[in-house]
1. Given the Cα-Cα distance of residue 52 and residue 126 and 0.36 nm per residue of separation, how much length would full extension add, in nm?
2. Compute the convex hull volume of the Cα atoms of the range 30-79, divide it by the residue count, and report the result per residue in Å³ as a whole number.
3. Working out 0.36 nm times the residue gap between residue 21 and residue 229, then minus their Cα-Cα distance, what length gain in nm do you get to one decimal?
4. So what is the 222 nm mean residue ellipticity for the chain from helices alone, if each DSSP H run of at least 4 adds -39500 (n - 2.57) and you divide by all residues, rounding to the nearest 500 deg cm²/dmol?
5. If neighbour count is taken as other Cβ atoms inside 10 Å, put 42, 102 in order from fewest to most.
6. Most exposed first by the Cβ proxy, i.e. fewest other Cβ within 10 Å, how do 144, 181 rank?
7. Volume per residue, Å³, of the convex hull around the alpha-carbon atoms of the range 97-142?
8. Gain in length, residue 59 to residue 190, computed as 0.36 nm per residue apart minus the alpha-carbon separation, to one decimal in nm?
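Where a number appears in this text, it was derived from the coordinates with a stated rule and is not lab data. In this text, all values refer to a predicted model and were calculated from it rather than measured experimentally. Virtual Cβ from ideal backbone geometry, glycine too; neighbours counted across all protein chains shown.
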C-alpha cells in the first residue's frame, strides 16, 4: 500500500533541503502514489508574480518521486493560493500548483487511501509589525468566518469524525503546555481548539511552532518527516 508522510514548514527554498535526496534518502524509494504533506508555510508561491526562483523550485519538487500536498500557513501569498486552478481531488476541492503539487484548502475533508483528512491551514503572524501588507504578509492568513462555517458544515456531514487533522497551528489549549504565553491571541488557534474538542480524530499534525514534539495525539512538526501510515 502507498504511504502518507508529513513534515513541518518549508518556507520556500529556506527549508527545502530536508526534502533533498541527502536530507530524506527514504524519499528516493517512493512513487507518485505516495504523498508528503507540508503542514503550512509552503512558501514557494511567495511573490505577487511568478519568477525564475519560483519556477525552479516548483520544477525541483515536481520531479521528486512522491506527490506533495500542503495546507497554507501564515507566511504564504494567500492571494496567489486563492488564484490557483481548483480541481476535484481526494473527494474535495484542491488548488493545483503542478502535476504533483496540490494545495489542500481550508475546511475540506479529503479521503486518501480510505483515510479521512480534515484540513485547515492558516495562522496569525506574530511578526506582522516587521512585514508589509500584500508584500510579505496577507490579511487572508487568518481564516475568515465563512471558512470556519464551511469547515463546521463539512464536519457535520461526516458526523464530526475524521481519521486525521492537518492544520498549520495548534489548538489554543496546547499553548501553555509548550511554554508559550496564553496572552497571545490568534483566532485560528481558538477555532482549532473548538474543532479538536468537538470531533473524533486519531491524530493531529501541524507545523508553525518550529519545534518537533508529540503531545498525545498532537504532533508538532518542524525538521522531522514522519510517516502517518
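1. 23.7 nm is the gain from fully extending residue 52 to residue 126.
2. Details: hull volume 3.4 nm³, N = 50.
So the per-residue hull volume is 67 Å³.
3. 72.8 nm
4. Working: 4 runs with 41 residues, N = 229.
About -5500 deg cm²/dmol.
5. Fewest to most other Cβ atoms nearby, the residues stand as 102, 42.
6. Ascending Cβ contact count within 10 Å gives the list 181, 144.
7. Given the Cα convex hull of the range 97-142, per-residue volume reads 100 Å³.
8. Result for the pair: 43.5 nm of gain on full extension.
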